[in-house]
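Below is one structure, written out as structure tokens, with a few remarks after it.
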Amino acid sequence: MELEDRVRQFLEQTLGAMGVPLEIAFVDETDNIRVELSGEAGDQLLRRRAEALDALQHIVNTAFRRELKGDRSWVVDCLDYRKGKDAETKQMARYLMERARSTGSQQEMGPLNPYARRLVHLTVAEDPEMSSESIGDAFMKTVIISVRR
């Protein structure tokens, strides 16, 4: 059985047990495989700041990430919620990059989960004059954005 088939089966069983029947589609992207969930029951995963969606993504990555080649990961989205949040996170990172550049002082963003931190680090890495660093020792960490010296 192929990896995507196993992930689909896992999600169908998990979502079924949660009472949230959703359609599942996969989109193969450069640095991740996006799992897009859709259907009328999708809003149930988005309640309480999408905690259930975040938990589902964490479980899928824990169970299946090692089977992906390279530094890829699984991104589980529902009703394009994560696409919107990703765009907001990247926009905030760009804003803080400009603020760091204009003020010369470090800017903090967070606390952020590992997925959001990765988005921030990738966004900052697009500009060779800027750098980013995660600080903290818990699951949720703060990202420091600064001008390279």
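The values are calculated or read from the model by the stated rules, or taken from the named source; none is laboratory data. This is a predicted model, so every value here is computed, not measured. No Cβ is skipped: glycine too gets one built from the backbone with ideal geometry, and neighbour counts run over all protein chains shown.
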**OP:** Scan the stretch 65-72 and give yes if some residue there is outside the structural domain of residue 12 (by TED's automatic domain parsing) and under 18 Å from the mean Cα position of the chain (by Cα), otherwise no.
**Re:** no
Original post:
Looking at the stretch 64-80, which of its residues are assigned to a helix (DSSP H, G or I) and buried (at least 17 other Cβ atoms within 10 Å of the Cβ)?
Top reply: 64
**OP:** Could you please tell me which pairs satisfy a Cβ distance under 7 Å, a separation of 6+ or placement on different chains, a first residue in the stretch 113-141 that is free of Cβ contacts under 8 Å to residues at least 60 places away in the same chain, and a second residue that is among the hydroxyl-bearing types (Ser, Thr, Tyr) and in a helix (DSSP H, G or I)?
**Re:** 116/89; 119/89; 120/89
Original post:
For residue 3, all conditions in the list (1) in contact (Cβ under 8 Å) with a residue 24 or more places away in the chain; (2) surrounded by fewer than 15 Cβ atoms within 10 Å (Cβ to Cβ); (3) closer than 23 Å to residue 116 by Cβ hold save one; what is the number of the exception?
Top reply: (3)
Original post:
Within the stretch 136-149, can you find the residues that are part of a strand (DSSP E or B) and more than 27 Å from residue 76 (Cβ to Cβ)?
Top reply: 144, 146, 147
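Under the condition of being under 19 Å from the mean Cα position of the chain (by Cα) and assigned to a helix (DSSP H, G or I), which residue from the stretch 97-119 is surrounded by the fewest Cβ atoms within 10 Å (Cβ to Cβ)?
My answer is 114.
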Original post:
From the set of residues in the stretch 20-63 that are in a strand (DSSP E or B) and of a type in the set (Asp, Glu), which is nearest to residue 4 (Cα to Cα)?
Top reply: 28
**OP:** Only residues that are exposed (fewer than 15 other Cβ atoms within 10 Å of the Cβ), free of Cβ contacts under 8 Å to residues at least 40 places away in the same chain and closer than 17 Å to residue 73 by Cβ: list them for the stretch 30-62, please.
**Re:** 30, 55, 62
